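The values are calculated or read from the model by the stated rules, or taken from the named source; none is laboratory data. Keep in mind that what you see is a predicted model, and the values were worked out from it rather than measured. Neighbour counts run over all protein chains shown; Cβ positions are idealised from the backbone, glycine included. Calculation scope for accessible area: heavy atoms of the full protein, side chains included, ligands and nucleic acids excluded. Shrake-Rupley method; radii C 1.70, N 1.55, O 1.52, S 1.80 Å.
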Amino acid sequence: MSSHAIGSHAHEMAHAGEHGHAAGFLGTYVFSRDHKVIGIQFLFSTLLWFVVGGLLALAVRWQLAWPWKEMPIVGPMLFSAEGGQISPEFYTMLFTMHASVMIFFVIIPILAGAFGNFLIPLMIGADDMAFPTLNMLSYWFMWPAFLCMTLSFFVPGGAAAAGWTGYPTLAAVWTAAPGSEMGQTLWLLGLIFVGVSSMMGSVNYLTTIIQMRAPGMTMFRLPMTIWAMFITAVLQAFALPVLTAALFMQLLDRTVGTGFFIPEGLVVNNTSAGAGGGQTLLWQHLFWFYSHPAVYIMILPAMGMVSDIISCFARKPLFGYKPMVYSICGIAGLGFIVWGHHMFMSGMNPYLGMGFMVSTMMIALPSAVKVFNWLGTIWGARIQFTTPMLFALSFVSMFIIGGLSGIFMAATPVDIFIHDTYFIVGHIHYVLFGGTAFGVFGGIYFWFPKMFGRMMNEFWGKVHFFLSFVFFNGTFYTMHILGAGGFPRRLADPYHYASFRDMQPLNQFMTICALAMGASQLIFVANFFYSMFFGPKVGRNPWHANTLEWFAPTPPGHGNFDMQPIVYRGPYEYGSPEVDTDYYPQTQPPPEGHEHTGDAGHH
Amino acid sequence: MGRFWSLLFLSVPIFGVGVFVWAPSHGYGLPKDVSAHGHQIDHLWNFILILTGLVFVATEVVLFWFLWRYDAARHADPVKYTHGSHNLEVIWTILPAATLLFIAIYQMNAWADVKIRNPGAEGMPITVEVTGRQFEWRLRYPGKDGKLGTPDDIYHVNDLHIPVNEEILVALKSADVLHDFFLPELRIKQDAVPGMQIPVWFKATETGWYDLVCAELCGWGHYKMKGRLTVESRKDYDKWLDDMYAAQEATK
Ligand SMILES: [Cu+2]
Ligand SMILES: [Cu+2]
């Protein structure tokens, strides 16, 4: 471990020399190379896009509840030509951009970019990332992506409208849809930039976690958040090249007519689609080879954060630390061989479907193990119902639903019926909203004091939690029974079909819940900004937590730690009999005679 | 407040189960199955629904109970200082693994019936060729000679007729972008893929009219790419084919 101490120290020296003098406003807050500033930049950008993505979703919900009715307030402003109603072209664009924004501009960058950046060096006891400049670039490479996507709303034909999956030939052929004109090209470019940004981030995270841990911080003393970020970075590093290649291939199909994904002799909308010679299914394989692991990129970090929060407010060690680590690794490994479950109905060889079905069934296993261990953690605990704890618990509760509903889809014969119905939409929102977004809210309430030096208001935090929780379930739970009725996704007017006409009242109920859920977020916004400036100031460790970030000053200055942290034990020593306090920070030297105990996993 | 929050979490399994109990009597739930193979899918659906329902209720109630029981504000017992249990880990790894593996194997036969045991491979002639095209279903019947691609082929759009209680073999194609041939009441769903011809087979067991839904996004008009399936007796079906052929000849 001494090599670590020296390495990290030398780095600190070099760093101080570089930044010793005042860097000016631009250097400190805009083109900063400090991981905390970059993390907070990611946080603000992604929260802003969260608002955009949410509004797009509300417009989708409006159409599903009251199709072709004038949208109040925004309708006349946006579509005065159509009498204030959403056109079918616009509807396809709405759900495409809702998903694209939420996945690529919110969930992935808020987890890896915001929390990953802010927490990794602090939680492993490093003074910064291994490559601070690369880190800065990874944030600034998001901006061309932001620009491309924003611009795409204003080009002729509008933004991409072929679904967030961008399936050819609809996406690849210019004449196939209005959104497949310039909008789709900008969408592809945007995603390529996001990919570059993520790649830079993941290389940095891997190096930092491997190389820059504080003395005593062995891999099995890392908090679950860091383990999750580590595995997420591995997933990104291996899966992204495939997506990037696919994006370039579609870009080439669209611009120079390579025809990778376009079969011969295709005529779309009375126009020849070019020479062809390609295969549309190839895109689906390449896309899902990334985008299935991406599902885990979008939830593993939240699982990590939730594990840390639950253990902290249970005042009890995390149950089964090593099984938790192994299940994350298992998810990552299996995550690379299940992509075909998105393609059961695609025309892929049905024998292959059988293989993917078995691997998909098995990937439910590590998730189940995680749920049981979270339950084990709160068994015999002393639970403090703080806002972050409530969000973390709701993650567990909602993830149970999202996980179990996945088994329906993994069962290929059942998938025949529910594929492309609202059952799927319900499932992914239980995983990504009830799961990840609630985990993210928990993370924000939990680490806000470390980020800004002030507490968020607990009362309004709980009001925000309660309303979000209730209206979230009101919006999404009923999607499962819509799906059971065969209600398809992505239809601008499902009531066109006799089979689905009776399902409109339920859709109206869901839309009202969605609007209320959207409105509840205003409480969060107000609490966030008010607390940033007027919240009560806190010391280093307001939650009495064990991990290293709470050992640093609040908020941490440049270089993070005023004393070199030395790690003596795992991160979950709450309620340890060795000390009188109910927590036992990783950095606290053991009392006389206890030098060899207190390591997580030794029992 | 611990009680309040615990009860909030208890409301999850209560409402969760409640919705599924309420749904079927209010028109939400699997539509009536009129296919020969559909009962296997419905059976699996119900089987998984009950299995996951039990796990759902059990885990959510345990979550509730621990929150209720171990609320720091109401119970002063010291925490159970433990890092886990090897035995429990083994149990809750092996039990779900066995269950999942069982489901995986249990469903294989149903999947094979719908997607693998293609009657076309044993020489069954194609009943009808269905081609998705923005935003309609183009149909082509082989006509009297039973062969596609001959002058007596019968062409039609969006109005798919089939005889009841007979095996049907559809050749599914797409002329432009992806579409999806979805017959909810027949538990049939298959993407139509440009450049591919995909066999789809089924047997309808009841006469009537059913929706033919396009279930894969195919552009702005996706929502209106609606067809109708008419299942009728062999006699009515033959008559319909004859009428169609006569009408087609008359316009030549
Ligand atoms: Cu997947
Ligand atoms: Cu369609």
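Of note:
- Condition check for A:S367: more than 7 Å from chain B (Cβ to nearest Cβ) and open to solvent by 10 Å² or more (accessible area, probe 1.4 Å): yes
- Within the set B:F56, B:F66, the sole residue that is in contact with a strand residue (DSSP E or B) (Cβ under 9 Å, 6 or more places away or on another chain), modelled with pLDDT of 95 or more, in a helix (DSSP H, G or I) and away from ligand 2 (no atom under 16 Å from the Cβ) turns out to be B:F66.
- Unmet requirement for B:D180, which otherwise passes all of (1) open to solvent by 10 Å² or more (accessible area, probe 1.4 Å); (2) within 14 Å of another protein chain (Cβ to nearest Cβ); (3) of a type outside the set (F, W, Y); (4) not in a loop (DSSP other than H, G, I, E, B): (1)
- Within the stretch A:27-76, being open to solvent by less than 10 Å² (accessible area, probe 1.4 Å) and β-branched (V, I, T) holds for A:I38, A:T46.
- Residue list for the stretch B:216-252, filter: within 11 Å of ligand 2 (Cβ to nearest atom) and free of Cβ contacts under 8 Å to residues at least 60 places away in the same chain: B:E216, B:L217, B:W220, B:Y223
- Of residues in the stretch A:205-242 being in a helix (DSSP H, G or I), touching a Ser or Thr at 6+ places or on another chain (Cβ under 7 Å) and open to solvent by less than 10 Å² (accessible area, probe 1.4 Å), the one farthest from A:L122 (Cα to Cα): A:L240
- Count of the stretch A:261-283 residues, restricted to those that are more than 9 Å from chain B (Cβ to nearest Cβ) and more than 33 Å from the chain's Cα centre (by Cα), is 6.
- Per-region count, the stretch B:60-87, residues more than 7 Å from chain A (Cβ to nearest Cβ), under 37 Å from the mean Cα position of the chain (by Cα) and surrounded by fewer than 20 Cβ atoms within 10 Å (Cβ to Cβ): 2
A quick yes/no check of all residues on (1) under 29 Å from A:G355 (Cα atoms); (2) in contact (Cβ under 8 Å) with a residue 12 or more places away in the chain:
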{"position": "B:V57", "(1), (2)": "no, yes"}
{"position": "B:V62", "(1), (2)": "no, no"}
{"position": "B:P78", "(1), (2)": "no, no"}
{"position": "B:H83", "(1), (2)": "no, no"}
{"position": "B:H86", "(1), (2)": "no, no"}
{"position": "B:F102", "(1), (2)": "yes, no"}
{"position": "B:Q107", "(1), (2)": "yes, yes"}
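- Filtered residue count, the stretch A:248-272, keeping only those that are part of a loop (DSSP other than H, G, I, E, B), farther than 27 Å from A:H341 by Cα and open to solvent by less than 20 Å² (accessible area, probe 1.4 Å): 1
- Hey, B:W137 closer than 30 Å to B:I162 by Cα, at the interface with chain A (Cβ under 10 Å from one of its Cβ atoms) and modelled with pLDDT of 95 or more or not: no
- Taken as a whole, the structure places B:L49 among residues that are open to solvent by 20 Å² or more (accessible area, probe 1.4 Å) and either more than 7 Å from chain A (Cβ to nearest Cβ) or over 22 Å from A:I310 (Cβ atoms) (or both).
- Of all the numbered requirements in (1) within 13 Å of another protein chain (Cβ to nearest Cβ); (2) open to solvent by 10 Å² or more (accessible area, probe 1.4 Å), A:M455 misses one, and that requirement is (1).
- Residues within the stretch A:377-392 that are within 7 Å of chain B (Cβ to nearest Cβ) and part of a helix (DSSP H, G or I), tallied: 2
- For the stretch B:1-46, a residue qualifies if it is at the interface with another protein chain (Cβ under 7 Å from one of its Cβ atoms) and not in a helix (DSSP H, G or I), and the qualifying residues are B:M1, B:A23, B:G27, B:Y28, B:G29, B:L30, B:P31.
- Among residues of the stretch A:554-577 that are among the acidic types (D, E), those with a beta-carbon under 8 Å from a residue that is open to solvent by less than 40 Å² (accessible area, probe 1.4 Å) at least six positions away or on a different chain give the pairs A:D562/A:A552; A:D562/A:P553; A:E573/A:P317; A:E573/A:N546; A:E573/A:Y584; A:E573/A:Q586; A:E573/A:G598; A:E573/A:A600.
- Considering each residue of the stretch A:122-134 in turn, none proves to be within 14 Å of chain B (Cβ to nearest Cβ), touching a Leu at 6+ places or on another chain (Cβ under 6 Å) and not in a helix (DSSP H, G or I).
- For the stretch A:139-154, the criterion of being part of a helix (DSSP H, G or I), β-branched (V, I, T), surrounded by fewer than 24 Cβ atoms within 10 Å (Cβ to Cβ) and at pLDDT below 95 is met by none of the residues.
- Unique residue being under 15 Å from A:Y296 (Cβ atoms) and either among the β-branched types (V, I, T) or within 22 Å of the chain's Cα centre (by Cα) (or both) when the list is A:W339, A:W374: A:W339
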